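Comments concern the structure below.
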Amino acid sequence: MARILVVEDEADIQEILAYNLKRDGHDVVVASTSKDGLRLARERRPDLVLLDLMLPDGSGTDLCKSLRRDSVTRGVRVIMLTAKGEEIDRVLGFELGADDYIVKPFSVRELLLRVQAVLRRAATEDAAETTQFGLLRVDRGAHRVWVEGQEVELTALEFKLLITLHDRRNRVQSRDSLLSDVWKIDADVTTRTVDTHVKRLREKLGAAGAYIETVRGVGYRFAEGPGGLI
């Protein structure tokens with residue numbers, strides 16, 4: 001069972017979500033505004049937030065930013081709900097740190113499966129919250145990273161990119177697979193954004209940026225071991 005906060009201003013959708021999530025065994029908290037959503041997230045500390053992007057007192061994207069900035073809520077999982085289905089909206093959602101993105105109208109069964117998948121992934125990641133790899137230390141639950149003891153500020157998407165590469169150490173990740181797994185975008189999309197984010201991530205990691213290796217013509221690979229950088 002998980003505690004799930006539903007931030008949705010449409011009463012009928014709010015009711016459907018709450019009913020089905022409770023039937024699945026979850027503890028459900030609801031909010032109709034961005035302000036109440038942020039307050040309840042801080043007070044109740046949910047495992048997951050189902051977040052509508054169109055709220056009466058502001059956008060869900062701004063609320064997602066606030067959740068990621070707050071030390072109390074930055075580790076909460078977020079699934080965005082929206083009527084917008086354009087690729088640029090999905091990219092923005094994942095840039096802000098969303099874990100998944102569901103377009104209205106949606107199948108309740110599909111939504112429940114997505115919720116299960118995100119919670120299952122979270123449980124796996126949180127089982128080993130703190131990871132030490134040579135110069136690099138990562139606290140997954142707190143979404144914090146240190147290099148040689150100095151904290152490095154990463155965006156939610158940079159953090160997700162780092163974790164994805166780290167957890168697949170010594171296995172080459174193509175740009176398309178990273179777009180699919182990190183950005184949740186399937187092929188036929190420019191891969192330049194991957195190169196840009198990898199470059200930025202390396203710069204922020206400083207000496208530990210060398211752990212991310214380029215495999216020419218294929219993609220990127222995280223080093224199998226820290227080697228000479230320890």
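Here, each number is a calculation from the coordinates, and none is a lab measurement. Computed from a predicted model, the values in this text were never measured in an experiment. Cβ: placed from backbone, ideal geometry, glycine included. Neighbour counts: every protein chain shown.
What is the order of Tyr211, Tyr19, fewest Cβ neighbours within 10 Å to most?
On the way: Tyr211 24, Tyr19 12.
Sorted ascending by nearby Cβ count, the order is Tyr19, Tyr211.
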**OP:** Report the paramagnetic label zone for Ala142: residues of the stretch 13-43 whose backbone N is under 20 Å from a point 7 Å from Cα along the Cα-to-Cβ axis.
**Re:** 42-43
Original post:
If you place +1 on the Cβ of every Lys and Arg, -1 on the Cβ of every Asp and Glu, and leave all else neutral, what size is the dipole of the stretch 128-229 about its Cα centre, to the nearest 20 Debye?
Top reply: 160 debye
Original post:
Over what distance in Å are the Cα centres of the stretch 1-74 and the stretch 148-175 separated?
Top reply: 27 Å
Original post:
Label Ser59 and Lys104 with points 7 Å out from Cα along Cα→Cβ: what is the distance between them in nm?
Top reply: 1.7 nm
Original post:
In debye, nearest 20: dipole of the chain around its Cα centre with unit charges on the Cβ of K, R (+) and D, E (-)?
Top reply: 620 debye
Original post:
With no solvent and one point per C-alpha, what does the Debye sum give as log10 I(q)/I(0) for the stretch 128-229 at q = 0.11 Å⁻¹?
Top reply: -0.30
**OP:** Compare the peptides 137-143, 46-52 by average per-residue count of other Cβ atoms within 10 angstrom and give them in order, highest first.
**Re:** 46-52, 137-143
Subject >> Arg171-Thr33 pseudo-label distance in nm [points 7 Å out on the Cα-to-Cβ vector] >> reply: 4.7 nm
**OP:** Enumerate the calculated ³J(HN,Hα) couplings along the stretch 138-149 in order (Karplus 6.51 cos²θ - 1.76 cosθ + 1.60, θ = phi - 60°), each rounded to whole Hz, writing x wherever the residue is Gly or Pro.
**Re:** 10, 10, 5, x, 8, 6, 10, 9, 10, 10, 6, x
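Within 10 Å of each candidate Cβ there may be at most 15 other Cβ atoms; applying that plus a DSSP loop requirement, which trypsin sites (Lys or Arg not before Pro) in the stretch 1-55 survive?
Working: sites: Arg3, Lys22, Arg23, Lys35, Arg39, Arg42, Arg44; in loops: none.
Filter output for the stretch 1-55: empty list.
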Original post:
Lys/Arg Cβ at +1, Asp/Glu Cβ at -1, dipole of the stretch 128-229 taken about the Cα centre: which of Ile163, Val145, Thr193 is farthest positive-ward?
Top reply: Thr193
Subject >> Phi-based couplings in Hz for the stretch 196-203 (Karplus 6.51, -1.76, 1.60; Gly and Pro marked x) >> reply: 4, 6, 5, 4, 5, 5, 4, 4
Subject >> Fraction of beta bridges assigned by DSSP in the stretch 3-126 that are antiparallel (%, nearest 5) >> reply: 10 percent
**OP:** Give the long-range amide H neighbours of Met54: residues separated by 5 or more places, or on another chain, with amide H under 5 Å away, using H modelled in the peptide plane at 1.01 Å from N.
**Re:** Gly60
Subject >> For the stretch 152-169, Karplus couplings with θ = phi - 60° (6.51, -1.76, 1.60), whole Hz, Gly/Pro x >> reply: 10, 8, 10, 6, 4, 6, 4, 4, 5, 5, 4, 4, 4, 5, 4, 6, 10, 3
